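See structure below.
Bear in mind that the values in this text are calculations on the coordinates, not laboratory data. None of these values were measured; they are calculated from a predicted model. We place every Cβ from the backbone using ideal geometry, glycine too, and count neighbours over all the protein chains shown.
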Amino acid sequence: MNTNRLSTIMETALSNQMNKEIHASHIFLSYGIWADDKGYQGIANFLYRHSQEERNHSIKFMEYILNRGGKPKVEAIPAPPNDPDSLTACFDGVFKHEVDNTTAIYKIVDLSLEEKDWATWNFMQWFVQEQIEEETLAQNLIDKLKIAGGDRATDESLFTLDKTLSETPNEVPLAQEATGYNP
Ligand code: FEO
C-alpha cells in the first residue's frame, strides 16, 4: 500500500528545500570562518550559530517528508560563494541569502495551496514566520554596521559591534524539539 501522502512534485520540492537549507548552513559556516580568521570572533559566533540553525531547518524538512511517508534525498551541495571582501559584503550576502530563501519558501507555500495539501501548508507557516525573523535579523546587522561607519568604521566601533554579536546566545534548539506551537 502506498502510504506517501505527498505528491511527487511536493516531495521533490520539499527535498530540494532540505538541500537548500544545508547549502545555507555551509554559506554561513564559510562566512563564519572568514570572520573568525579576520579576528571578528563575535561576528563569527553569530554566523556559526546561524549556520547551525540552518542545519536544523534542513532536519525539520527531512523529518516532515519522512513523517508524511516520503523519502528525502541528500544531493551534492554546491560550494559556498567566495569569501566576502568586507564586512559590508558579508552582511549584504547574509541578507540577500535570506531573501532568496524566503522566495523558495513562498514557492512551496504556493504549491501547497495549488494542491490543497493543507498539512504541508500548515507545516510551511513555521518557515514563513522564521523567514520574517531571519530577514529582520540580517537587516539589523546591516543597520548596526552602518551606524558603526560601514567599511570606514573605526577599529573601536568595530570592536564594540563584534563584542555585541559575541553575546548572541549559543544554545540553538534542536530541530526535533521544535514544533509549530513551540518553534
Ligand atoms: Fe533556513 Fe535562513 O532560512
Which FRET efficiency value, to the nearest 0.05, do you get for Leu66 and Lys146 by plugging their Cβ-Cβ distance into 1/(1 + (r/R0)^6) with R0 = 45 Å? 0.55
In degrees, nearest ten, helix 8-38 long axis to first principal axis of the chain (Cα): 10
Extension gain Thr136-Ile33, at 0.36 nm per residue separation less the Cα-Cα distance, in nm? 34.8 nm
Report, by chain and number, residues whose modeled amide H sits under 5 Å from the one on Asp117, excluding near sequence neighbours (fewer than 5 apart, same chain). none
Order of His26, His50, His97 from fewest to most other C-beta atoms within 10 Å? His26, His97, His50
Trypsin sites (Lys or Arg not before Pro) restricted to DSSP loop in segment 1-72 with at most 15 other C-beta within 10 Å: Arg5
I need the P(r) histogram for segment 77-142: all alpha carbon pairs, bin width 5 Å from 0 out to the longest distance, whole percents. 4, 17, 21, 17, 16, 12, 8, 4, 1, 0
Computed on Cα atoms only, the convex hull of the chain has an orientation-averaged projected area in nm² of 10.8
Of segment 43-70, those with amide N under 13 Å from the point 7 Å along the Cα→Cβ vector of Val109 are none
Write out the GluC sites (Glu not before Pro) in segment 2-101 meeting two conditions: DSSP loop, and at most 11 other Cβ atoms within 10 Å of their Cβ. none
Could you give the nm distance between label points at Ala89 and Asn4, where each point is 7 Å from its Cα heading toward the beta carbon? 4.3
Between helix 87-115 and the chain: long-axis angle, C-alpha atoms, 0 to 90°, nearest 10: 10
Enter the angle in degrees (range 0 to 90, nearest 10) between the Cα long axis of helix 41-67 and the first principal axis of the Cα atoms of the chain, meaning the one along which they spread out most. 0
